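The values are calculated or read from the model by the stated rules, or taken from the named source; none is laboratory data. Owing to the predicted nature of the structure, the values given are computational and were not obtained by experimental measurement. Note: ideal-geometry Cβ built from the backbone for every residue, glycine included; neighbour counts use all protein chains shown. For accessibility, only protein heavy atoms count, side chains too; no ligands or nucleic acids. Shrake-Rupley method; radii C 1.70, N 1.55, O 1.52, S 1.80 Å.
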Amino acid sequence: MTAIIEGIGLTKRFGYGDAAVVAIDSVDIRIDERELVMIMGDSGCGKTTLISLLGCILTPDAGELRIDGEEIDLTGQDLSLIRRQKIGFVFQLFHLLPYLTALENVMVAMDIAKTDKSEAEDRSIELLTRVGLSDRLHHRPAQMSGGEKQRVSFARALANRPKVIFADEPTANLDSRQSDNLMNLIQELRQEHQTTVVIVTHHEGLKENADRIVYMKDGKVITS
């Protein structure tokens with residue numbers, strides 16, 4: 001298998017001096033193309049910080065990062081460009097813009113990437129239809145259920161055809177039926193779009209969906 005993401009010696013501290021906390025401690029991690037990887041561990045072990053480093057939201061204090069075979073210049077490179085071109089994020093609290101419709105929330109991701117408006121609208125309709133929301137295109141987040149909002153989030157994450165989607169506790173606000181439905185959808189979308197998916201979760205019942213589990217403790221990867 002070909003690696004899509006490699007982190008080598010990644011370290012991240014928060015705070016200064018005696019008050020500094022090492023959130024990620026010299027982590028080596030490799031994620032291959034089209035894998036579905038789950039990152040698990042107790043609260044505060046560094047799971048969200050790790051995917052934020054791998055997804056170029058945070059910059060490590062030490063270490064190296066390669067994405068799609070390219071070594072990332074973590075000090076001089078435009079990390080926002082890398083995120084737009086290669087990475088999609090799905091957040092626990094959805095992060096949908098409340099004053100925009102489902103269609104507009106997906107389109108805005110392509111607007112940032114400077115996609116032609118007509119093309120962006122067509123792709124957004126296609127994605128929302130694929131996730132079962134063709135009848136919710138013009139609904140705002142307050143008019144949708146938690147499961148529907150999470151589906152909009154996944155459609156938005158796929159908008160710019162990313163190599164990798166990172167999902168932070170995507171089922172945390174869903175009931176068991178919605179969680180099962182979402183995981184089935186994730187599996188289908190991963191195959192259709194040939195996308196790597198990395199999920200942070202506490203939900204033990206989701207493990208059977210993963211190709212591989214990465215366990216963390218105290219900022220370290222303890223098994224993968």
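For the range 200-213, which positions are open to solvent by less than 70 Å² (accessible area, probe 1.4 Å) and under 16 Å from Ser43 (Cβ atoms)? Hits for the range 200-213 are Val200, Thr201. Name every residue in the range 1-51 that is within 20 Å of the chain's Cα centre (by Cα) and without any contact (Cβ under 8 Å) to a residue 12 or more places away in the chain, in order of residue number. Result: Gly44, single match. Filtering the range 1-40 to residues that are open to solvent by 70 Å² or more (accessible area, probe 1.4 Å) and not in a strand (DSSP E or B) leaves Met1, Thr2, Tyr16, Asp18, Ala19, Arg34.
Every listed requirement among (1) open to solvent by 40 Å² or more (accessible area, probe 1.4 Å); (2) of a type outside the set (Val, Ile, Thr); (3) in contact with a Leu (Cβ under 7 Å, 6 or more places away or on another chain) is met by Leu174 save one, (1). Taking the range 87-118 as the range and being of a type outside the set (A, V, I, L, M, F, W, C), open to solvent by 40 Å² or more (accessible area, probe 1.4 Å) and under 23 Å from Gln150 (Cα atoms) as the test, the residues that pass are Gln92, His95, Pro98, Tyr99, Glu104, Asp111.
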